[in-house]
Amino acid sequence: MPSPLEGKHIALGVTGSIACYKAVDLASKLVQSGALVDVLMTEGAQNFVSPLSFRSITHRPVITDLFRPESELSINHVAIAERSDVLIVAPATANTIARIANGISDDPITTTVLATKAPVIIAPAMDANMYENPATRQNVARLESWGYVMAGPAEGRLASGLTGKGRLLEPQQLLGCIGMALGRKGDLAGRKVVVSAGGTQEAIDPVRVIANHSSGKMGYALAEAARDRGARTVLVSAPTALSDPYGVELIRVGSAREMREVLLGQCDDADALIMAAAVADWRPKEPSDRKVKKGKSNEWNIELIKNPDILAEIKGEGLVKVGFAAESEDFLDNAQSKLLSKDLHLIAVNNITAEDSGFAVDTNRVILLDREGGVQEIPLMSKYDVAHHLLDRVVTLLR
Ligand code: CTP
């Protein structure tokens with residue numbers, strides 16, 4: 001399964017902001033995902049980063065001028081507008097936003113934006129006061145009303161030293177925004193997909209929890225892949241160290257019982273539930289509301305009580321249910337009985353003892369079992385690619 005970015009033409013407009021360095025990283029990530037990246041730069045941008053930096057990464061000419069004879073746009077000024085699958089302006093200054101909002105086309109970026117029929121993403125980066133200024137607010141609102149995607153800005157520390165709204169989104173988030181724009185008419189468009197991720201935490205006292213080794217990576221990859229196929233995606237996540245995926249509705253929970261509550265509500269109108277979370281089977285029967293002191297004893301026995309089986313409990317007319325089976329032995333037999341007892345359409349079997357497909361790594365290797373006795377082996381690949389294989393099956397089940 002090739003990356004959704006493979007062979008896609010992405011136009012990256014870079015304008016004059018200190019955040020230009022993030023655009024270099026974004027270009028690199030796009031190229032690594034197989035995209036063909038045309039970089040267009042304003043004069044201001046060239047004060048921060050050299051066109052050569054982008055050229056070295058993209059292996060393609062960088063456009064800095066509309067009229068220079070060696071510029072492709074001097075021969076056909078709408079060439080990039082026509083071939084691009086997505087156009088992203090990142091970072092977008094207040095000045096460039098104002099010019100786009102007024103239909104001005106006096107440089108390669110504004111000309112290409114004006115001429116394209118592809119989705120346009122604008123990722124602002126500026127001082128918070130400039131962003132809050134009524135002129136910018138109005139320009140942004142205008143672009144939104146025309147269907148442009150405004151990606152960010154985020155809140156945080158700004159180049160001025162102040163903290164506020166105006167930071168360019170991180171390259172990984174911008175990549176997510178591009179994936180989402182490319183997949184907006186994908187095979188999950190109009191569907192709601194609910195994904196659970198991470199390992200639940202069960203309180204012993206206000207300081208201590210019973211946790212597990214789940215990193216959440218498989219669930220987050222599933223949510224991103226569903227987003228990139230056009231689904232409205234809800235990610236119900238137990239604690240993880242991962243950053244929020246762009247364009248996914250993220251609901252954070254702690255314990256299995258909290259996860260159950262949220263999932264029961266979310267699955268009412270969902271088309272598919274993919275349960276990648278490592279749900280604790282047991283929780284302390286009587287968690288203390290004060291920190292338990294060490295005391296003099298050398299032993300501490302904690303009585304546990306069983307948690308609800310969320311996946312077994314959730315039922316829905318037409319809801320496609322997919323589970324994961326974390327196994328260290330008798331893989332297929334154990335997974336088969338979970339498939340039946342939890343009334344699933346599909347179960348992905350994980351060998352958690354393998355180093356390249358267990359917890360915390362970026363790759364996975366699974367076996368998919370279905371109700372009809374079908375067995376599909378998915379060899380070692382990135383968790384994002386595994387997610388797409390699994391979603392191929394979900395799409396078929398939904399038809
Ligand atoms: N699951 C769940 N609620 C639980 C336990 C598990 O919804 N209380 C879900 C998991 O998210 C996973 C599937 O059920 O999709 C199988 O989880 P797994 O931990 O492999 O199996 P268990 O049912 O917990 O059985 P065991 O621990 O005995 O292997």
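The values are calculated or read from the model by the stated rules, or taken from the named source; none is laboratory data. Model, not experiment: these values are computed from the prediction. All Cβ positions, glycine included, derive from the backbone under ideal geometry; neighbour counts span all protein chains shown. Heavy atoms of the whole protein, side chains included, go into the accessibility calculation; ligands, DNA and RNA do not. Shrake-Rupley method; radii C 1.70, N 1.55, O 1.52, S 1.80 Å.
Straight-line reach from K296: taking Cα to Cα under 20 Å and skipping same-chain neighbours fewer than 8 places apart, the aspartates and glutamates in range are D205.
Label-to-label distance, R60 versus E43, with points set 7 angstrom from Cα along the beta-carbon direction: 2.6 nm.
Put the Cα centre of segment 250-327 next to the Cα centre of segment 338-366 and the gap is 18 Å. Computed about the Cα centre, the dipole magnitude for the chain is approximately 740 debye when only Lys and Arg (+1) and Asp and Glu (-1) carry charge, each at its Cβ. Across all directions, the average projected area of the convex hull around the alpha carbons of segment 127-181 is 4.0 nm².
For the ranges 140-151, 347-358, 29-40, 221-232, what's the packing order if you count other beta-carbon atoms within 10 Å of each residue, average per peptide, and put the highest first?
Averaged packing, sorted descending, gives the order 221-232, 29-40, 347-358, 140-151.
Dipole of segment 9-182 computed with +1 at Lys/Arg Cβ and -1 at Asp/Glu Cβ about the Cα centre; of I122, G166, V14, farthest Cα towards the positive end is G166.
Tell me, what % of the accessible area of segment 9-182 is carbon and sulfur with a 1.4 angstrom probe?
Details: 3890 of 7570 Å².
Its accessible area is 51 percent carbon and sulfur atoms.
Here the gap between A211 and N102, fully extended at 0.36 nm per residue and compared with their Cα-Cα distance, gives a gain of 33.9 nm.
With helices as the sole contributors, the chain gives -9500 deg cm²/dmol at 222 nm; each DSSP H run of n ≥ 4 counts as -39500 (n - 2.57), and the sum is divided by every residue.
Probe radius 1.4 Å, ligands and nucleic acids ignored: give me the carbon and sulfur share of the accessible area of segment 192-398 as a rounded percent. Roughly 48 percent of what the probe reaches on segment 192-398 is carbon or sulfur.
With a Förster radius of 25 Å applied to the beta-carbon distance between D333 and E258, the computed FRET efficiency rounds to 0.20.
Dipole of the chain computed with +1 at Lys/Arg Cβ and -1 at Asp/Glu Cβ about the Cα centre; of V322, T110, L311, farthest Cα towards the positive end is T110.
For the peptides 370-380, 168-178, the ranking by packing is 168-178, 370-380, with the highest mean count of neighbouring Cβ atoms within 10 Å listed first.
Just the C-alpha atoms of the chain: what Rg/Rh do they give, with Rh taken as the Kirkwood radius?
Numbers: Rg = 24.3 Å, Rh = 23.2 Å.
Using Cα coordinates only, the ratio equals 1.05.
A simple spin-label model places pseudo-atoms 7 Å from Cα toward Cβ; at E144 and I302 they are separated by 4.5 nm.
For each pair in K294/K338; K285/K342; K117/K383, compute the distance between the two Cα atoms and list the pairs where it is over 31 Å.
Values: K294/K338 40 Å; K285/K342 24 Å; K117/K383 33 Å.
Cα-Cα > 31 Å for K294/K338; K117/K383; rest within.
Average accessible surface for the chain: 48 Å² per residue, computed with a 1.4 Å probe over protein heavy atoms with every protein chain in place.
With +1 assigned to the C-beta of every Lys and Arg and -1 to the C-beta of every Asp and Glu, and no other charges, what is the dipole magnitude of segment 192-398 about the Cα centre in debye, to the nearest 20? Write down the numbers at each step before the final one.
On the way: 25 positive and 32 negative charges, 157 e Å.
Taking the Cα centre of segment 192-398 as origin, the dipole is about 760 debye.
Between A189 and F359, residue separation times 0.36 nm minus the direct Cα-Cα distance comes to 58.2 nm. Once the C-beta distance of S288 and L398 is scaled by a Förster radius of 56 Å, the resulting FRET efficiency is 0.75 to the nearest 0.05.
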